[in-house]
Structure formats: C-alpha cells, structure tokens
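Here is the structure we will look at, set down as structure tokens.
The values are calculated or read from the model by the stated rules, or taken from the named source; none is laboratory data. This structure is a prediction, so every number in the text was calculated from the model and none was measured. As a convention, Cβ positions derive from the backbone with ideal geometry for all residues, glycine included, and neighbour counts pool all protein chains shown.
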Amino acid sequence: MVRNKLAVALAALIAAATSGLAGAQDAAVPTQIVDTMNKIYGVHPGFRANHAKGVVAEGSFKAAPGAAALSRAALFDGSTIPVTVRFSDSGGLPDVPDGSKNANPHGMSIKFHLPGGGETNMVINSLKFFPVANGEDFRDLLMAIADSPADAPKPTKLDQFVASHPSVPKALGTVSTPDSFADEVYYGIDAFIFVNKAGDRQAVRYIMQPVKVVHLPPAVAEKKAPDFLVDDLPKRLAKKPLVFHLKAQLAAPGDNTKDPSQPWPDNRKVVDLGTLTIDKAVPDSLAAQKKLLFLPGELTDGIELSDDPLVGTRDGAYAVSFSRRQ
Ligand code: HEM
C-alpha cells in the first residue's frame with residue numbers, strides 16, 4: 001500500500017512535470033481521458049479505466065550479451081531479474097469476451113524488479129503504432145467515440161474524426177485476436193532513449209517477440225469461450241514456461257521520435273535485448289492485479305524519456321485510474 005501511494009505520488013509528479021513542459025492546460029488531459037473512458041465503458045469499482053480485464057504471472061528476465069553496449073541500465077547487466085507480468089484485454093469492461101474485436105489490442109505490462117530494490121516498467125500492446133500522435137488527440141478520439149452512439153446521425157463525430165486522422169484506421173488494422181496471450185507480439189510504440197556507459201544515446205522502440213505468433217480469423221475468435229485467453233495462461237504455465245525475446249528497434253539519425261503514430265521503416269536494425277521467461281501463475285490474480293500499478297514512465301538510469309509526449313499523458317492517466325480504483 002505504501003508502495004502504491006509512492007507510485008501515485010511519482011506519477012503525479014511526472015504528469016505535473018510533463019504538463020509544465022507542454023503548457024498548463026495539459027494538466028487536465030489525463031483526467032479528461034479517464035473521465036471519457038468512464039463515460040464510454042461505465043464505472044466498474046475496483047477495475048482499471050482501460051485494460052480492465054487481465055491476468056497476472058511471474059518469471060524472470062536475462063539480458064542478451066550485447067544489450068549492455070546500448071544501455072547501462074541495471075536491467076541489462078546480465079543478472080537474472082525477477083518480473084511481474086500482467087496480460088490484458090483492451091477497454092474498460094471487466095467482463096469483455098476475450099475474442100471480441102473490442103478486446104484488441106491485447107496488452108502486456110512488465111515490472112522488472114532490479115537488483116538493489118528499484119524497478120522499471122514496460123507497458124506495451126499488440127498495436128504496431130498508436131492511432132494518434134499525442135494525448136490531446138487521444139482525448140478527442142475518445143470524446144468522438146462517446147458522442148457517437150449507434151443511433152447518432154451520420155456522419156458521426158467518430159466518422160469525422162477518423163476522416164481527418166487516417167492513422168486511426170491504419171493503426172487499428174494492425175491488430176487481431178491471438179490464440180493465446182503467449183502467441184502475440186507486443187510493441188512498445190513510444191520511443192525511449194538508451195544511454196550507455198560512455199554516454200552514447202540511441203532512440204529505441206521495444207518489440208516483445210514470442211516464440212510463435214498465432215492469430216485467429218475474427219469469425220473464429222468471436223465464437224471462443226469468453227475467458228479463453230485468461231484461462232489459457234495458467235494452463236500453459238502448468239505445462240511449461242512461456243518464452244519471449246525482448247528486442248529494440250533502433251532509430252536511424254533523423255527518425256521521428258515524438259510521434260507514436262508514425263512507425264519507423266521496417267528496415268531499421270532490430271537488436272536482441274534478452275529473454276523473458278514466464279513460469280508461474282499468480283494464485284489470486286484478481287486480488288494481485290488490483291494492487292499493481294504499471295507506469296510506462298517508471299524508468300531507471302540508462303533508459304530515458306524521449307520527446308514523445310504520450311508517455312507523460314499516459315503516466316498521468318494511469319495514476320488517475322489507479323487512484324479511482326483503490
Ligand atoms: C495517451 C495515450 C494513452 C492513455 C491515456 C492510456 C490510458 C490508460 C489507462 C487509464 C489505463 C488503466 C491504468 C490503470 O488503472 O492502472 C491503461 C492501461 C493500459 N494501457 Fe494505456 N493508454 C494510452 C496509450 C497506451 C499505449 C501506447 C499502450 C501500449 C504501447 C498502452 C497499453 C496499456 C496497457 C498494456 C494497459 C494495462 C496496464 C496494466 O496491466 O496495469 N496504452 N491505459
């Protein structure tokens with residue numbers, strides 16, 4: 001509980017610092033976003049405003065030999081780092097069917113428990129890039145969704161927003177339902193800066209690569225049992241550990257780091273950062289996930305924020321959602 005209070009205070013500070021950089025009126029954006037999520041999905045006490053349905057597991061991370069040359073973070077020093085992982089469905093409905101298209105993109109959140117007691121987080125999902133460039137546009141997209149019920153006159157507010165933001169359908173076109181949380185690629189989307197021991201700086205975007213990717217056709221996904229993904233995880237873990245490879249896509253000089261709706265070209269170098277092994281289901285996952293707060297901006301020395309503005313807005317919104325669900 002003390003740790004949760006500290007995390008909220010930290011997130012509030014990060015949000016305040018970011019809003020200070022971006023302009024005073026931005027301070028309200030994370031709250032406006034959570035309010036609009038609550039309007040779209042309703043309020044479900046004790047659950048997250050987004051990615052409300054999920055399942056928690058544990059395991060460890062071990063860096064690849066080359067990772068330390070890119071970042072001096074303790075995460076990449078080669079020791080075995082314990083992790084807490086939460087897989088999730090999108091949206092604020094705690095009972096969304098896992099195979100529904102509304103449960104896409106699926107999420108993966110990782111807390112790396114670093115030597116010496118600190119931690120760093122990664123909060124990533126199965127979209128290859130984000131539908132919009134910044135928090136203000138995301139707020140406006142959510143408001144357009146809230147203002148476009150099934151009986152709204154055409155063109156709806158959402159139709160109009162999508163027509164003026166072609167990255168929305170492009171981004172949503174990159175997701176589908178996997179047959180298991182284990183068989184999906186998760187993307188970091190936001191750019192971060194790696195700093196190595198010599199002080200060299202390299203912009204990166206994370207890719208969490210599974211051993212294999214298995215996507216279901218929409219008609220098959222929709223007929224699956226409502227909890228098939230959440231139920232599958234402990235069953236798989238009882239048989240054998242899940243393995244993912246954490247990779248970094250490296251920006252070339254001049255690549256845009258501040259717009260998460262613009263992917264870098266596919267031919268950019270991708271390097272192996274290490275292996276994530278998930279080997280233990282958490283017995284009372286529902287109770288465990290209520291206490292957990294993952295913050296995309298909770299970093300450690302050797303991993304820094306870039307000029308991507310989304311992370312500050314996300315930290316603020318996650319803290320608002322966390323404080324409401326306690
Ligand atoms: C401005 C952009 C975004 C906003 C405002 C936003 C907002 C939120 C909120 C309010 C939550 C609930 C947090 C909680 O109660 O702990 C959440 C959860 C989550 N979001 Fe985002 N999000 C944004 C972008 C993204 C992006 C770009 C990704 C992936 C790269 C992502 C992945 C996730 C995941 C995986 C969770 C579940 C976290 C958990 O397991 O606790 N979100 N988001």
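Counted as qualifying within segment 209-326 are the strands (runs of 3 or more DSSP E) with 3 or more residues that are touching a residue at least 12 places away in the same chain (Cβ under 8 Å) and away from the ligand (no atom under 16 Å from the Cβ), namely 242-250, 270-281.
Of everything in segment 164-208 that is among the acidic types (Asp, Glu) and part of a loop (DSSP other than H, G, I, E, B), the residue that is nearest to the ligand (Cβ to nearest atom) is Asp190.
Taking the criterion of being within 12 Å of the ligand (Cβ to nearest atom) and either closer than 25 Å to Lys223 by Cβ or in contact with a Pro (Cβ under 6 Å, 6 or more places away or on another chain) (or both), the residues of segment 77-93 that qualify are Phe87, Ser88, Asp89, Ser90, Gly91, Gly92.
Among the residues of segment 95-113, the ones that are crowded, with 21+ Cβ neighbours inside 10 Å and among the acidic types (Asp, Glu) come to 1 in all.
When Leu242, Leu237, Leu216, Leu233 are checked against the criterion of being touching a Lys or Arg at 6+ places or on another chain (Cβ under 9 Å), surrounded by 20 or more Cβ atoms within 10 Å (Cβ to Cβ) and more than 23 Å from Arg72 (Cβ to Cβ), Leu242 stands alone in meeting it.
All conditions in (1) among the basic types (Lys, Arg); (2) surrounded by fewer than 21 Cβ atoms within 10 Å (Cβ to Cβ); (3) within 13 Å of the ligand (Cβ to nearest atom) hold for Arg48, with the sole exception of (2). For segment 156-176, the count of residues that are farther than 23 Å from Lys39 by Cβ, surrounded by 12 or more Cβ atoms within 10 Å (Cβ to Cβ) and modelled with pLDDT under 95 is nonzero.
Looking across segment 104-138, the residues that are away from the ligand (no atom under 12 Å from the Cβ) and either of a type in the set (A, V, I, L, M, F, W, C) or touching a strand residue (DSSP E or B) at 6+ places or on another chain (Cβ under 6 Å) (or both) come down to Phe112, His113, Leu114, Glu119, Thr120.
When segment 264-282 is filtered for residues that are more than 17 Å from Ala64 (Cβ to Cβ) and in contact with a helix residue (DSSP H, G or I) (Cβ under 9 Å, 6 or more places away or on another chain), the ones remaining, listed by number, are Ile278, Asp279, Lys280, Ala281, Val282. Inside segment 188-208, residues that are buried (at least 19 other Cβ atoms within 10 Å of the Cβ) and farther than 22 Å from Pro131 by Cβ make up a count of 2. Checked against (1) more than 17 Å from the chain's Cα centre (by Cα); (2) modelled with pLDDT of 95 or more, Ser261 passes all but a single condition, namely (1). Screening Phe87 on (1) closer than 21 Å to Leu305 by Cβ; (2) in contact with a helix residue (DSSP H, G or I) (Cβ under 7 Å, 6 or more places away or on another chain); (3) assigned to a strand (DSSP E or B) shows it passes everything except condition (1).
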